[in-house]
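Following: one structure in structure tokens, then a few remarks.
The values are calculated or read from the model by the stated rules, or taken from the named source; none is laboratory data. Because the structure is a prediction, the values reported are computed rather than measured. Positions of Cβ are backbone-derived with ideal geometry, glycine not excepted, and every protein chain shown enters the neighbour counts. SASA here: full protein model, heavy atoms, side chains in, ligands and nucleic acids out. Shrake-Rupley method; radii C 1.70, N 1.55, O 1.52, S 1.80 Å.
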Amino acid sequence: CKILAKTLALRTKQTKLLNTELLRVKPPVELSTSQKLSEAAQSSNTRVIQHEAWSIPYQDSYDNTTRLHTYFMSCYNTWTTTTPQDYLSPYFAVFQSSGHGKSRLLHEMCMSKKIPYLYVCFRPKESTGYPPRTLHTASFLTTATPSEEKCQAFLAATLECFRLCSTVSSKSDEAFCNWEKYKRDNHNFEELITTRAREILPTINEYAAAAPDLRPHPFLFVFDEAREMVKVGDNGRSCFSMLRSSLSRYGRGVFAILADTVSTIANFSPTQDVDYSMRGLETGARLFAPFYLVVNVDLFAEKSDEVSVNGITKVIEAALTPAKLITKGRVLWAATLIGIKRAHIETMTREPSSATEAELLSYVAPHEWTYMVGLAGAKLLGGRRKWILSEFSRNDCLALLSARAQVAIAPTSDVSSASVGSHLGTCIDISACRKSVFSTYTSEPVVAAGAFAVVWHGVDYNKSDFFVSPMQTYEKLLSELQLSLLSGISDASQCGELVARVLLNIAWDLSVRTVDDFYSLLSLEHFLTALLGAEQLSVMKASKAFSDSTILNSRSEEHT
């Protein structure tokens, strides 16, 4: 452990030169640029950008809508046809990290499969996320003292409105079309439902007894940002527990999907040892398993960026431009960039943009790249827009390292689920008992650049000069990594490889030093000078083993 601690702190003789260089370096930007990066998400037209991004024609290369619909219908049929009932309530949860398109997937599934649905977003009022909070409904349900009667009144009012525009005998497609028309024609539709819910609240027991049977066609409630539902009120109960109980009363053709990030999975799908519904399966109170394999990566990427030379796939130089890099990884980056450009065009011309997605993604201006990198950096820190080193938590530090060095987090630790829930990690598996969340950080250029930006452009407002040197940031990150390794939060079985990845990342940072140059093509000599120091590199070049000196002046694409 002592040897590991010394290695991770970068205090051995081999890294002394590197330490000196990092301590000497000041961020190559003014404070104003640092603020632009850390506060990139605070654009005055953020909502317009998000709306434009949402309006992009849906791409479903991985057939997510069909997979989700198949699972939904399987759960729905199980709930409506099984007697006696084996399940506690007609709902399941959809979990995945931010930016993978959970909300849009649910919308597209309902629209493409013609499922009548009501969408309710519980996003906090101050949040800048999209879709925005469903004001009237969310406020009606999540009061200081949540009650089951309110939840029942909300369900009853919604189904009453649904019956106004469609009879039970209507065909599924007809019912869906009538319902969508009803929502479009009533611009204050949300307020209508909550007003009606308040009216029938005093006599809700009568409505519950006369709840309609919608079978065999489902009516779906979609509750997004559902973490807000689990907050406990003054009466010791949560909106979620009340709603879950109410859904079972209105379960004849009614189903619900709760969407959120995976850090709150135990709230909606508790582990077996604390979930009373799993303690005696003979009582008929099981829970439907969560759906988490939401795959939306590289949807806008072009495979023409890769070429094959002697059977080895190499990335051509054109693929390392910001325009190409933003198309790699989760759909959030490319969609947001398209939203930025369309919002700008419509602001300037006062007309909708007719440019295609490919045309809009063909070039990324420097300020747009700064915006995207700043957004990624903020999301790595759990949405924190001010990158103050003294406020970095353990989860923040591990996320910044994992985004580039792949720190293996134990699936049973809270850090694993938190990395997915708040720090851009990706959920790849959830154990059957729901105790273990297997997470990882996929190769995403924008996320890696965001981690670099936080390290090199962080500030500390408690200091007189505000600036924090990269070495100070790395010391903080590595200190937290050391503690996580010693406590078993991180896997210590491959420390050698992990230390090597960290050292290589630091050397790359020293080679480029700015966000704009983060994906530059460097000569091998430039990189090795940063890694080993000029003196050690000279010794290497003079050795007999180093016969081909031309490779040092070659750039990366010439020697893959």
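Structural remarks
- Restricting attention to region 385-418, the residues that are part of a loop (DSSP other than H, G, I, E, B) and of a type in the set (Ser, Thr, Tyr) add up to 3.
- Residues of region 215-240 that turn out to be under 28 Å from the mean Cα position of the chain (by Cα) and open to solvent by 10 Å² or more (accessible area, probe 1.4 Å), as a count: 9
- Checking each residue in region 507-560 for being open to solvent by 70 Å² or more (accessible area, probe 1.4 Å), modelled with pLDDT under 75 and among the acidic types (Asp, Glu) picks out ASP548, GLU558.
- Test: residue in region 472-487 that is at pLDDT 85 or above, crowded, with 18+ Cβ neighbours inside 10 Å, of a type outside the set (Lys, Arg) and part of a loop (DSSP other than H, G, I, E, B): no
- Of all residue pairs spaced 6 or more apart or on separate chains, those with beta-carbon atoms under 8 Å, a first member in region 353-375 that is among the polar types (S, T, N, Q) and a second member that is in a loop (DSSP other than H, G, I, E, B) are THR370/ALA40; THR370/VAL515.
- Region 171-230 holds helices (runs of 4 or more DSSP H) entirely within its bounds, and those carrying 2 or more residues that are more than 15 Å from LEU155 (Cα to Cα) map to 172-185.
- Candidate set from region 364-376 (those that are more than 13 Å from ARG342 (Cα to Cα) and not aliphatic (A, V, I, L, M)); member that is most open to solvent (accessible area, probe 1.4 Å): HIS367
- In region 101-132, the residues that are basic (Lys, Arg) and either modelled with pLDDT under 90 or touching a Phe, Trp or Tyr at 6+ places or on another chain (Cβ under 7 Å) (or both): ARG104, LYS114, ARG123, LYS125
- Meets criteria (surrounded by 19 or more Cβ atoms within 10 Å (Cβ to Cβ) and over 30 Å from LYS379 (Cβ atoms)) for ALA93: no
- Subset of region 61-98 (residues that are in contact with a Leu (Cβ under 9 Å, 6 or more places away or on another chain), charged (D, E, K, R) and assigned to a loop (DSSP other than H, G, I, E, B)): ASP86
- Answer from TYR91, TYR62 - the residue that is under 28 Å from ALA301 (Cα atoms), touching a residue at least 60 places away in the same chain (Cβ under 8 Å) and of a type in the set (Ser, Thr, Tyr): TYR62
- Region 439-471, subset modelled with pLDDT under 90 and aromatic (Phe, Trp, Tyr), residue least open to solvent (accessible area, probe 1.4 Å): TRP456
Residue by residue, here is whether (1) buried (at least 18 other Cβ atoms within 10 Å of the Cβ); (2) modelled with pLDDT of 85 or more; (3) under 28 Å from PHE452 (Cβ atoms) holds:
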{"residue": "LEU37", "(1), (2), (3)": "yes, no, yes"}
{"residue": "SER43", "(1), (2), (3)": "no, no, yes"}
{"residue": "SER61", "(1), (2), (3)": "no, no, no"}
{"residue": "ASN64", "(1), (2), (3)": "yes, yes, no"}
{"residue": "MET73", "(1), (2), (3)": "no, yes, no"}
{"residue": "ASN77", "(1), (2), (3)": "no, yes, no"}
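- Scanning region 373-415 for residues that are basic (Lys, Arg) and at pLDDT below 90 yields ARG384, ARG385, LYS386.
- Selection count where residues are at pLDDT 90 or above and under 20 Å from the mean Cα position of the chain (by Cα), scope region 82-100: 3
- Candidate set from region 419-434 (those that are assigned to a loop (DSSP other than H, G, I, E, B) and surrounded by 17 or more Cβ atoms within 10 Å (Cβ to Cβ)); member that is farthest from the chain's Cα centre (by Cα): ARG434
- Region 99-123: number of residues that are open to solvent by 40 Å² or more (accessible area, probe 1.4 Å) and assigned to a loop (DSSP other than H, G, I, E, B): 2
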